[in-house]
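What follows is calculated from the coordinates using simple rules that are stated; it is not laboratory data. Here the structure is a predicted model, which means the values were calculated and not measured. Cβ sites come from the backbone with ideal geometry, for glycine too, and all protein chains shown count toward neighbours.
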Amino acid sequence: MQRQPTPLFFEQGPEAVLLLHAYSGSSNDMRILARKLESEHYTVLAPILTGHATGDPADILRDGSPQKWWQDTQQAIQFLRDHGYQRIAIFGLSLGGLFATRALLEDPTLVGGGTFASPVIYRGTTHVPEAFVTMARQMYSRQGLSDRALEAKMAWIQEHLNQQLTAIQAFTDTTATHLNQIKQPVFIAQGTADKMIDPRSGQWLAAGYSAGQTDFHEYPGAGHVLTVNSAHHALEQDLLNFLHTIF
């Protein structure tokens, strides 16, 4: 049986970086980046959002919600404060970026933060629904279920997925309409070959902030999961440069 991912907490220096994973992802999305930041003497926390990394994709739909994940985000910030960290930056990949952005909006004491391939400004195309269904089918197929059991689980996923995606969209839209209230420096990363969300998402988000507030990076030819794909070395260096300017 494959071991399930666990939250990451690497204690190093006095400045802390909180990393939030993608929809249907886990702290594994952030492991390479977290280790790089740790090697540069940052303390790093990468929690697992409710319902994720259980081995059953239905748990994301059954147990998770934007409200739960927002609660997870607030609890992670509080966890760092309870451990004595006052200077905190927050970043998220895709779904995680939606909550990192909301945190910057709601908590002006955060030093800064940003997003990696995150559709905070929702336009264009999304392939999240198909990707979730494909991921779920692959996961169930590895569990040796009968065809009937597999199809029953997939029918349940299909029945409940859109409701959650609609709720995520509503949460995101609420954040997007208040970007002008975010005052901290913001880092934005986007791959130009993103097939999950519209590759212009980073540009649209950068345009929503004040001039001079954002550090915007596009990675030519890079797909959606910037923390592990062809862009990850460049992303790590760009993020470190950004952190040097805010801490």
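Projecting the Cα positions of W156, A22, L240 onto the charge dipole of the range 8-246 (unit charges on Cβ atoms of Lys, Arg, Asp and Glu, taken about the Cα centre) puts W156 furthest along the positive direction. Between S210 and T245, the simple spin-label model (points 7 angstrom out along Cα→Cβ) gives 1.5 nm. Taking 0.36 nm per residue of separation and subtracting the current Cα-Cα distance, fully stretching the chain between T126 and R3 would add 41.2 nm.
Could you work out the Kirkwood radius for the range 1-138, taking every pair of different alpha carbons, averaging 1/r and inverting it, reported in Å? All intermediate terms of the calculation are to be shown ahead of the outcome.
Numbers: mean 1/r = 0.0652 Å⁻¹.
So the Kirkwood estimate lands at 15.3 Å.
Coupling constants for the range 53-65 follow from the phi torsions by the Karplus curve (6.51 cos²θ - 1.76 cosθ + 1.60, θ = phi - 60°), and in residue order they are 6, 9, x, 10, x, 4, 5, 4, 7, 7, 9, x, 5 Hz; glycine and proline get x. Shown in residue order for the range 206-211 are the 3J(HN,Hα) couplings computed by the Karplus curve 6.51 cos²θ - 1.76 cosθ + 1.60 at θ = phi - 60°: 4, 5, x, 9, 5, 4 Hz (x for Gly and Pro). Here the 3J(HN,Hα) profile of the range 189-201, calculated from phi with Karplus coefficients 6.51, -1.76 and 1.60 at θ = phi - 60°, is 10, 8, x, 7, 10, 5, 9, 8, 10, 5, x, 8, 4 Hz, Gly and Pro shown as x. Taking 0.890 mPa s as the viscosity and 25 °C as the temperature, the Stokes-Einstein diffusion coefficient of the chain based on its alpha-carbon Kirkwood radius rounds to 135 µm²/s. Scanning residues 5 or more positions from S118 or on other chains, those with amide H under 5 Å from its amide H are S94, with H placed 1.01 Å from N in the peptide plane.
For the range 169-228, just say rounded, prolate or oblate: build the C-alpha gyration tensor, square-root its eigenvalues into a ≥ b ≥ c, call rounded for a/c under 1.5, and beyond that prolate if a/b exceeds b/c, oblate if not.
Values: a/c = 2.40, a/b = 1.46, b/c = 1.65.
Oblate is the answer for the range 169-228, as a/c is 1.5 or above yet b/c matches or exceeds a/b.
Taking the DSSP beta bridges with both ends in the chain, the antiparallel portion is around 15 percent.
Let's see if you can work this out: charge +1 on each Lys and Arg Cβ, -1 on each Asp and Glu Cβ, no other charges. What is the dipole magnitude of the chain about its Cα centre, in debye to the nearest 20?
Details: 17 positive and 23 negative charges, 44 e Å.
Rounded to the nearest 20 debye, it is 220 debye.
Just the C-alpha atoms of the range 44-104: what Rg/Rh do they give, with Rh taken as the Kirkwood radius?
On the way: Rg = 12.1 Å, Rh = 12.2 Å.
Checking Rg against Rh, the ratio lands at 0.99.
What's the Kirkwood radius of the range 125-224 in Å, using all Cα pairs? Intermediate values should be presented prior to the final figure.
On the way: mean 1/r = 0.0620 Å⁻¹.
Taking every pair of different Cα atoms in the range 125-224, averaging 1/r and inverting gives 16.1 Å.
Helical runs (DSSP H, four residues minimum) scored at -39500 (n - 2.57) apiece and divided by the length of the chain put the mean residue ellipticity at 222 nm at -14500 deg cm²/dmol.
If the elastic network links every pair of Cα atoms under 10 Å, which of A46, A76, A234 fluctuates the most in the Gaussian network model of the chain? With Cα springs under 10 Å in the chain, the top fluctuation among A46, A76, A234 is at A234. Distance between the 7 Å Cα→Cβ label points at R62 and R142: 1.9 nm. Under a 5 Å amide H cut-off, with hydrogens placed 1.01 Å from N, D215 pairs with V186, F187, I188 among residues at least 5 apart or on other chains. Fully extending the segment from Q78 to I32 would add 14.2 nm, taking 0.36 nm per residue of separation and subtracting the current Cα-Cα distance. Between 0 and 90 degrees, the angle of helix 232-246 with respect to the longest Cα principal axis of the chain falls at about 40 degrees.
Taking amide H atoms as placed 1.01 Å from N in the peptide plane, the amide H of Y23 lies under 5 Å from those of L95, G96, each 5 or more residues away in sequence or on another chain. Label positions at L165 and D107, each projected 7 Å from the Cα along the C-beta direction, are separated by 3.0 nm.
Relative to the longest principal axis of the Cα atoms of the chain, the long axis of helix 128-141 makes an angle of roughly 50 degrees.
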